[in-house]
Amino acid sequence: MLKIKIISPDKVLFSGEVERIIVPGMMGRFEVLTNHAPIISILEKGSVAYDVANGERSELQISGGFIEVQKNRVNLCVEL
């Protein structure tokens, strides 16, 4: 499981555990799974999708931001 936090300048949009997250990176969409290598990347305009523990998928449209992945913790700072 990944522990993720998605924040915007105004508020926390989501905080919890997910099985995976798919984000719009500068070089294309990429997926983060458990035990992913550490990374910091800029996010482009697009859709952030994540699967919560019960298998339900949630999506969020963003206009940009960045992602940090380290030791199964994922932080996204996004603009909507």
Worksheet item: Val74's amide H: which non-local residues (gap 5+, or another chain) put their own amide H closer than 5 Å, with H modeled 1.01 Å from N in plane and none for Pro or chain starts?
Response: Lys3, Ile4, Lys5
Discussion item. Can you compute the equivalent ellipsoid semi-axes for the chain, i.e. the square root of 5 times each eigenvalue of the Cα gyration tensor, sorted largest first and rounded to whole Å?
Written reply: 17, 14, 12
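Subtracting the Cα-Cα distance from 0.36 nm times the residue separation, let me have the gained length for Met26 to Arg57 in nm, one decimal.
8.9 nm
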Worksheet, complete the sentence: For the range 58-67, Karplus-derived ³J(HN,Hα) couplings (6.51, -1.76, 1.60; θ = phi - 60°; whole Hz; x for glycine and proline) come out as 10, 10, 9, 8, 10, 9, x, x, 8, 10
Worksheet item: If you plug each phi of the range 50-57 into the Karplus form 6.51 cos²θ - 1.76 cosθ + 1.60 with θ = phi - 60°, what whole-Hz ³J(HN,Hα) values come out, in order, with x for Gly and Pro?
Response: 9, 9, 7, 4, 7, x, 6, 9
Discussion item. Please compute the length gained on full extension between Thr34 and Phe14, using 0.36 nm multiplied by the number of residues separating them and subtracting their Cα-Cα distance.
Written reply: 5.4 nm
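What ranking, highest mean first, results for peptides 73-79, 4-10, 38-44 when packing means the other Cβ atoms within 10 Å averaged over each residue? Intermediate values should be presented prior to the final figure.
Values: 73-79: 17.0, 4-10: 15.4, 38-44: 13.9.
In decreasing order of mean packing, 73-79, 4-10, 38-44 become 73-79, 4-10, 38-44.
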Worksheet item: Which cross-chain or sequence-distant (5 or more) residues have an amide H under 5 Å from the amide H of Glu44, H modelled 1.01 Å from N in plane?
Response: Gly25, Met26
Worksheet entry | Residues with amide H under 5 Å from that of Ser8, placed H, sequence gap 5 or more | Leu13, Val78
Practice prompt. Would you mind telling me the antiparallel percentage of the DSSP bridges in the chain, rounded to 5?
Written response: 85 percent
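Give me the net charge of Leu2's neighbourhood, meaning all other residues with Cβ under 14 Å from the Cβ of Leu2; Lys, Arg count +1, Asp, Glu -1.
0
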Fill in: Estimated vicinal HN-Hα couplings, Hz - the range 14-20 in sequence order (Karplus 6.51, -1.76, 1.60; Gly, Pro = x)
7, 8, x, 9, 9, 7, 7
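Leaving out ligands and nucleic acids, and using a 1.4 Å probe, what accessible area per residue does the chain come to in Å²? Walk me through the numbers before you get to the answer.
On the way: 4850 Å² over 80 residues.
On a per-residue basis, the chain sits at 61 Å².
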Worksheet item: Can you give the net charge of the other residues whose Cβ lies under 11 Å from the Cβ of Asn75, counting K and R as +1 and D and E as -1?
Response: +2
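The values are calculated or read from the model by the stated rules, or taken from the named source; none is laboratory data. What you are looking at is a predicted structure, and each value in this text was computed from that prediction instead of being measured. Neighbour counts are summed over all protein chains in view; Cβ atoms, including those assigned to glycine, are modelled from backbone coordinates with ideal geometry. Quick note on the areas: whole protein, heavy atoms, side chains included, nothing else; ligands and nucleic acids left out. Shrake-Rupley method; radii C 1.70, N 1.55, O 1.52, S 1.80 Å.
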